[in-house]
Structures are given as C-alpha cells and as structure tokens.
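Read the structure below first, then the notes.
The values are calculated or read from the model by the stated rules, or taken from the named source; none is laboratory data. Quick caveat: nothing in here was measured; it's all calculated off a predicted structure. Cβ placement follows ideal geometry from the backbone for every residue including glycine, while neighbour counts extend to all protein chains displayed. Surface accessibility is based on the protein's heavy atoms, side chains included, excluding ligands, DNA and RNA. Shrake-Rupley method; radii C 1.70, N 1.55, O 1.52, S 1.80 Å.
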Amino acid sequence: MRRPIVAANWKMHHTVGEAQRYLHRLLELVPADPPLDLVVLPSATSIQATAQSLAQTPIAWGAQSARPEPEGPFTGELSVRQVCELGASYVICGHSERRALFNEDDKLVSRMVKAALESDLVPIMCVGESLEQRRAGTDWQVGEKQLDVGLSQIEEQESARIVIAYEPVWAIGTGVAAQPEDAQQMAGRIRTWLGNRFGASGERIRIQYGGSVKPDNAQQFLELANVDGALVGGASLDPDSFWQIAQAAVR
Ligand code: 13P
C-alpha cells in the first residue's frame, strides 16, 4: 500500500503574514496523526515562517524548485543545500512552469532529482504534455522522455522515495482538469515504466495527478488505481479547500 501524498504548491502567492494565517488554520484542521503525507510548498520568502510554523507538526514542507549546485552564480535561485539547511523535506523538480518560463530541461531536472535524493529530500518530479503534444498524439512520448532523462541517474535502491507528479500542462491553472480516464491511462503508463526501470521498487513510487484539482473533482482522481495523491495549485491557496482535497485521498 502506498501512503497518499497531497501537496499544496502555492506558486508565487501568499505574503509571510498570509502564510502564517494559512498554516495556523490548516493546523486546526489536520489531526495529530493524519493517514497521509501532507506537504506545503511555499514561495521562497515564506520558507522560514513555514519552517517555524510546521516544526513538530504532522505537515511537511518543501521548496518549489532548487538548483543542484551547492552554491554559485545563479542570481535569484535557491540551492538544494540551502533549503535543506532550513529543514525542507521535499522539492519540486521540473514543474512545467519552470520548464516553460525558465528553460529548465530534462538534463537539469535529472541533476535536481539526484541532488535532492543525495540530500535526503524527496523530489516531486513533474511530467506532462502540452495541448499541442496531446493533440498530436505524442503525450506518452513526451512523458516517457521526461522519465527517461529525468530519472537517468537514479539507482533502484534510492528510487522508492521519489514522487512523480503527472501534470498535463493544459490542465494547469485553466480550471479544466484532465478526464479521469486520461489521468488513469497516463498514470498506468508511468507505473509500467517505473516497474520496468526500477523493478519492485517501482511499485512503491507514488504518482500524483495535478492540474485544476478542486474539492469537487479530487475524489475522481484520487480513487484511481495508480494515482496516490495530488499536487494542487489554485485550490490549495485556501487551507479549508486544501484539507478537503486531502481528505478525498484517504476515503
Ligand atoms: P492548478 O491546481 O492551479 O491547476 O495548478 C496545478 C499545479 O501546477 C500544481 O503544481
């Protein structure tokens, strides 16, 4: 049995004060020993406050991205080493917005995933096709290449800690989620790929769906056989809505 994992990707939202109020409310909602992994991914300015608010709580936090190099001339960036120092447990690697807006390619993503694992962070590696790629019928080719290159440096014995987020680009922030059958098909293909690449460990890797997940549609994704959780953007910006989604993962 894979433990469900639901993560809130705040993207570039919430000031420090808003983050603190959010986490205060979320901690009122979440029981002491929730039956799933809950992860909050704040923007950089709220990391410190998040780390403080969530210390000794059942909610983990992570970074929305982190460079693999320990230090260096990367203006505006954070390194895996820096977010580890603050107590991060997770890091998103290769979110489609970073691939599109900041030219992150599969090779960089592969170095990020490796650096995360070496620093005991759980990488949440995002894969997913654009609308053009889906229309052209190349959605699985795109996903397969992202997996092939992104996980090329990973050994079987470290692979079970990885989380894969299937996020079709056209479903992100659009309000139009994938059809559950499409998510099911892609998650199934990802699961098969993971099994071929990592053997029995591939069965332990958790797969999330992301893209316009909301309280009223979460259940239909979270009940799919190969979907073990959700990576939520817009609907995670409100703590009550995020917790509603999380509860759908354990029903
Ligand atoms: P939305 O839930 O806003 O579509 O964003 C999904 C996402 O990109 C999570 O990483």
Looking at the stretch 147-251, what helices (runs of 4 or more DSSP H) fall wholly within it and have at least 3 residues that are among the hydrophobic types (A, V, I, L, M, F, W, C)? 180-198, 218-222, 239-248
Residues of the stretch 192-219 satisfying the condition of being buried (at least 18 other Cβ atoms within 10 Å of the Cβ) and more than 10 Å from the ligand (Cβ to nearest atom): W193, L194, F198, S201, G202, I205, R206, I207, P215, A218
Pairs with Cβ under 7 Å, 6+ apart, first in the stretch 1-23 and in contact (Cβ under 8 Å) with a residue 40 or more places away in the chain and more than 30 Å from A225 (Cα to Cα), second of a type in the set (A, V, I, L, M) and within 11 Å of the ligand (Cβ to nearest atom): H13/L237
T57: away from the ligand (no atom under 14 Å from the Cβ), more than 30 Å from A225 (Cα to Cα) and of a type in the set (V, I, T), yes or no? no
Has the stretch 175-185 got any residue that is open to solvent by less than 30 Å² (accessible area, probe 1.4 Å), within 16 Å of the ligand (Cβ to nearest atom) and touching a strand residue (DSSP E or B) at 6+ places or on another chain (Cβ under 6 Å)? yes
Restricted to the stretch 154-174, and to residues that are small (G, A, S) and within 17 Å of K11 (Cα to Cα), which residue is nearest to the ligand (Cβ to nearest atom)? G173
Taking the stretch 60-97 and keeping only residues that are of a type in the set (S, T, Y) and open to solvent by 70 Å² or more (accessible area, probe 1.4 Å), one is left with T75
So Q244 clears everything in (1) surrounded by 18 or more Cβ atoms within 10 Å (Cβ to Cβ); (2) under 21 Å from P42 (Cβ atoms) except one condition, right? Which one? (1)
Report yes if S241 is in contact (Cβ under 8 Å) with a residue 40 or more places away in the chain and either within 11 Å of the ligand (Cβ to nearest atom) or over 16 Å from A178 (Cβ atoms) (or both), otherwise no. no
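Every residue, every condition in (1) touching a strand residue (DSSP E or B) at 6+ places or on another chain (Cβ under 6 Å); (2) farther than 20 Å from I190 by Cα; (3) modelled with pLDDT of 95 or more, yes or no:
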{"residue": "S119", "(1), (2), (3)": "no, yes, yes"}
{"residue": "I124", "(1), (2), (3)": "yes, no, yes"}
{"residue": "T138", "(1), (2), (3)": "no, no, yes"}
{"residue": "G143", "(1), (2), (3)": "yes, no, yes"}
{"residue": "G150", "(1), (2), (3)": "yes, no, yes"}
